[in-house]
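No lab work stands behind these numbers, since they all come straight from the coordinates. These numbers come from a predicted model, not from an experiment. Don't worry about glycine lacking a Cβ; one is built from the backbone with ideal geometry, like all the others, and counts go over all protein chains shown.
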Amino acid sequence: MKAHPAKSAGDDLNTLRTEAADCRDCHLWKDATQTVFGEGPAHAPIMLVGEQPGDKEDLAGKPFVGPAGQMLDRALKEAGIDRDRVYITNAVKHFKFVPRGKIRLHQKPNTPEIKACRQWYERELATIKPSLVVAMGATAAQSVLGKITPVNKNRGHLIELDENTQALVTVHPSYLLRLPDEDAKEQEYDRFVEDLKIAAKLLRKLARAA
Ligand code: URA
């Protein structure tokens, strides 16, 4: 396995993206189309972290462009956050799936895969230096907080990561898509938007302070 430095002072996003394109630190690259790196302004005040690219993202090479991305876009808009102002990435940067006929069925990444990929999140974080990291779902929460973190117990309030960075844990937009009951879906969507409004409030505060 090739070791990548955990952090380097000279990292910029293009260098990171180029290096990550050749990452072989776990086996997931073998079946995936490509590394799906993060996207957004180099010094975004907010970084959103998802689980891993899905089928559409794997093909497009961009995070959150499929159905979960559409759900996220809708919720961000409703919370008053401009997607173009945030950096969006995933805890794991290759699509993990099992083939089922013509379909590629999403598989949850395991702890060794999350750990192998964490270097990229760490280096994105060190480069972008956001004030807030929003971890969407259990995989993102595990990567962002460095340990298994139950979403429901930890969601909806700011958690200090270091003196300049806070984290906010919330659900993953795919969770909302999977809920079979329409009322539950609506309620959970509203809670997701409420969580994102915490991020929106912080964005406004930062803009006032700038
Ligand atoms: N789900 C994720 O966690 N990330 C994506 O980019 C798409 C779907």
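Select from the stretch 35-76 the residues that are assigned to a strand (DSSP E or B), hydrophobic (A, V, I, L, M, F, W, C) and under 23 Å from residue 185 (Cα atoms) and list them in ascending order.
48, 49
Matching residues to (1) touching a residue at least 60 places away in the same chain (Cβ under 8 Å); (2) under 25 Å from residue 191 (Cα atoms); (3) surrounded by fewer than 21 Cβ atoms within 10 Å (Cβ to Cβ):
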site	(1), (2), (3)
78	yes, yes, yes
113	yes, no, no
117	yes, no, no
137	yes, yes, no
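Yes/no per residue for (1) away from the ligand (no atom under 16 Å from the Cβ); (2) free of Cβ contacts under 8 Å to residues at least 24 places away in the same chain; (3) out of contact with any Phe, Trp or Tyr (no Cβ under 7 Å at 6 or more places or on another chain); (4) in a loop (DSSP other than H, G, I, E, B):
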residue	(1), (2), (3), (4)
95	no, no, yes, yes
105	no, yes, no, no
109	no, no, yes, yes
121	no, no, yes, no
143	no, no, no, no
152	yes, yes, yes, no
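Only one of these conditions is not met by residue 127: (1) at positive phi; (2) touching a residue at least 40 places away in the same chain (Cβ under 8 Å). Which number is it?
Going through (1) at positive phi; (2) touching a residue at least 40 places away in the same chain (Cβ under 8 Å) one by one, residue 127 breaks only (1).
Looking at the stretch 164-177 only, could you name the residues that are within 18 Å of the chain's Cα centre (by Cα) and either exposed (fewer than 15 other Cβ atoms within 10 Å of the Cβ) or under 18 Å from residue 152 (Cβ atoms) (or both)?
Within the stretch 164-177, 167, 168, 169, 170, 171, 172, 173, 174, 175, 176, 177 qualify.
What pairs can you find where one residue is in the stretch 38-55 and more than 10 Å from the ligand (Cβ to nearest atom), the other is of a type in the set (Asp, Glu), and their Cβ atoms are less than 9 Å apart, with a gap of 6+ or different chains?
Every condition considered, the pairs that remain are 40/84; 41/84; 42/12; 47/124.
Can you tell me which residue within the stretch 56-74, out of those that are surrounded by fewer than 22 Cβ atoms within 10 Å (Cβ to Cβ) and of a type in the set (A, V, I, L, M), is nearest to the ligand (Cβ to nearest atom)?
Only one residue fits best here, namely 65.
In the stretch 80-93, how many are away from the ligand (no atom under 12 Å from the Cβ), surrounded by 15 or more Cβ atoms within 10 Å (Cβ to Cβ) and of a type in the set (Lys, Arg)?
Going through the stretch 80-93 one residue at a time, the tally reaches 1.
Are any of the residues in the stretch 151-161 crowded, with 21+ Cβ neighbours inside 10 Å, aliphatic (A, V, I, L, M) and out of contact with any Cys (no Cβ under 9 Å at 6 or more places or on another chain)?
So far as the stretch 151-161 goes, no, none of its residues is crowded, with 21+ Cβ neighbours inside 10 Å, aliphatic (A, V, I, L, M) and out of contact with any Cys (no Cβ under 9 Å at 6 or more places or on another chain).
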